[in-house]
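A short write-up of the structure that comes next.
No value in this document is a laboratory result; all are computed from the given coordinates. Here the structure is a predicted model, which means the values were calculated and not measured. All Cβ positions, even for glycine, are placed from backbone atoms using ideal geometry, and neighbour counts span all protein chains on display.
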Amino acid sequence: MAAVFPTVREVLALGPVRHGAPRVVAGDEGLDRPVRWVHVAEVPDIATLLGGGELVLTTGIGLPGDDAGLRAFIGDLADVGVSGLVVELGRRYVSGVPRVMAAAAERRGLPLVELRRATPFVRITEAVHALIVDAQLTELRATEEIHQRFNDLSVEGADAAEVIRQAAELSGCPVVLENLSRQVLGYDPAGESAELLLDGWEQHSRRIRPAGRTAYDADSGWLVTTVGARGQDWGRLLLRWPASGDVPSAQAVEPTAGTPTRLTILIERAASTLALGRLIRRDAEGLERQIHRTLLTALLDHSRPVDEVGLRAKALGVMLDRRHLVGVMVRHRADDAAGEAGPEAGQARLRDLSEAVGQALREAKLTALTSAVDDNSVGALLALPDPAAEDRALSAFASALRRVRLDAGTGRASTVGVDPARGVDPAAVIVAAGSGVGSLREARRSLVEARQIAEAARRDRRDLPIFRLPHVGLAGLLHLLRDEPRLQTFVERELGALLEYDARHPRDRLLDTLRAYLEQGRNKSAGAAAAHLSRPAFYERLARIARVLNVDLDSVEATLSLHVALLALEAVRAP
């Protein structure tokens, strides 16, 4: 992408300026400043008429004749933020600008340039302004490309990795997508070292605190925008600009924002595309299975009226009205290893599990909506005649699933977790069921509960035919909710200040001190021993924690909330 404004260095390279035999006499470290406009001035109080970013041209005939006046003139220009001062010799100054002027400009880092040959200023202004207008047209074209590129990505349903890659390609800068707990969901280093980019990311991210939904944090050099839709934020998209410690000469800075406008547009469009992509899931299944999935998804995310779901299910031959409904989730204990085996293997794995669930439902003679609901899980909403049939139906389904054999002739017998000789491996597959409900309007609660139980059960090594809510403890429940933005928000609210303190003071590790205190039942002596600290040191750290979090660590209610937040933080950080 081209810059909006040329730099002082680029202006000095223009033909009309080179005709004047320019010589930089001071402030050469500021030659990469952008030139927003060119202004001709012959009066000493011109600074009051400027807005910053101008290159001032003068012959010097109206400048003060005393040293103090020249220093004040240079100081006023530097204070207002001009890009540089160009003085044509011959009318006021013959052999060169006064030494006091050069010294003042050097002290303030203001580029001061002599034109040793007479040059019509109008040619300079015409050349620079033409360059600016041309660059602005290029900027508009670049902005149009951004909109077009992300419109195409939205229409195509591109995944997050592709959106991030395009953002990095268009900006030429590293881009990172993180969740609310500062965990990296995706990134593109834009040719830089990924290891250096992500090393200590959580601590680094907590130091990036922009003021606004989309804002530039000048201290860290990151442009940040919030990612979310429908009033629910779930992450942040960050773009590091400039990529190195210095502002590239090929790009221009808007003084008020610190970044080019196009980068703000780019990161906001990328964030909106990510949010939209999270709402839209594409599937290449058959029409009937697509409808099953659409209806289950509609129940889970309220995307369709419940009455419409019931009507469309009835049209499929699945009667949900006036039935006892039970949500069931079946998933492999291990996540899809698509990163190792490839996406096609992961899709085949999920497809085989979905077919096994469908076959088990048929063998158990159960009526249900069923389909894959995410990359690792298959859901089913059982429609039973009455509550008394619940336990019997779930047992029949679990037994049938264990008996399922994959047809070796179909070529699908090698799916992970499914042995063609033994059927679905019960140690590799989890079956979870939510609480039964009496109406379709309550079905979402049963499905969500089943999904949560299935996620939590992954940490339970028991070989139970069906996991139900009583089998899941608090740690497991928090583990399954680790991707829930509201849980991450709770962790940030309870522990954010302490995490930020530890990020600034990594040697103190106050979070570990708090964990030892809470895990020892608020017994300070036992906590000090567990933390391998002396009692006075442990007590001093507890007092510091209380100040940082502004809580009473002797309060049962406050420490209970902190303990839950700690367990949630461990769940969020768990792979």
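Here are some notes:
- For the peptides 319-329, 455-465, the ranking by packing is 319-329, 455-465, with the highest mean count of neighbouring Cβ atoms within 10 Å listed first.
- The largest-to-smallest principal axis extents of the Cα set in region 5-108 are 33, 29, 22 Å.
- Sum of side-chain charges, PRO536 neighbourhood, beta-carbon under 15 Å (Lys, Arg +1; Asp, Glu -1): +3
- Extended-chain gain in nm, criterion 0.36 nm per residue less alpha-carbon gap, GLU363 and ALA543: 58.5 nm
- Expressed to the nearest 5 percent, the antiparallel share of DSSP beta bridges inside the chain is 80 percent.
- Note on the chain: Cα convex hull, mean projected area over all directions, 35.2 nm².
- On full extension, the segment bounded by ARG91 and LEU311 gains 70.2 nm, given 0.36 nm per residue less the C-alpha separation.
- Summarising the amide proton neighbourhood of HIS39: residues at separation of 5 or more, or on other chains, whose placed amide H is nearer than 5 Å comprise LEU55, VAL56, LEU57.
- Cα centroid separation, region 435-512 to region 176-227 (Å): 25 Å
- Taken as entire DSSP H runs, the helices of the chain that both span 18 Å or more between Cα atoms along their own long axis and average 0.5 or more on the Kyte-Doolittle scale are 67-80, 261-279, 556-573.
- The label-point distance for HIS204 and ALA218, in a model that sets each label 7 Å from Cα toward Cβ, rounds to 2.2 nm.
- Centre separation in Å (Cα based) which lies between region 302-323 and region 363-392: 14 Å
- Residue (of VAL155, GLY15, VAL128) at the positive-pole extreme of region 1-160, dipole from beta-carbon charges: GLY15
- Reference-scaled alpha-carbon Rg (2.2 N^0.38 Å with N residues) for region 481-530: 1.33
- Shape call, region 61-216: gyration tensor on alpha carbons, a/c limit 1.5: prolate
- Between ASP321 and VAL184, the simple label model (points 7 Å from Cα in the Cβ direction) yields a spacing of 5.3 nm.
- Cβ-based net charge around ALA558, under 12 Å, with every Lys or Arg adding one and every Asp or Glu removing one: -3
- Peptide packing: for 260-271, 508-519, 532-543, the average count of neighbouring Cβ atoms within 10 Å per residue gives the ranking 260-271, 508-519, 532-543, highest mean first.
- Peptides ranked, highest mean first, by Cβ atoms within 10 Å: ranges 206-214, 520-528: 520-528, 206-214
- Placing +1 on each Lys and Arg Cβ and -1 on each Asp and Glu Cβ, with no other charges, gives the chain a dipole about its Cα centre of roughly 1160 debye.
- Three-way shape call for region 439-575 based on the alpha-carbon gyration tensor, with the a/c threshold at 1.5: prolate
- Between HIS471 and ARG392, the modelled labels are 2.2 nm apart [label points 7 Å from Cα along Cα→Cβ].
- Rounded if a/c under 1.5, otherwise prolate or oblate - region 162-243, Cα gyration tensor axes: rounded
- Viscosity 1.567 mPa s, temperature 4 °C, Stokes-Einstein D of region 84-158 from Kirkwood C-alpha radius, µm²/s: 80 µm²/s
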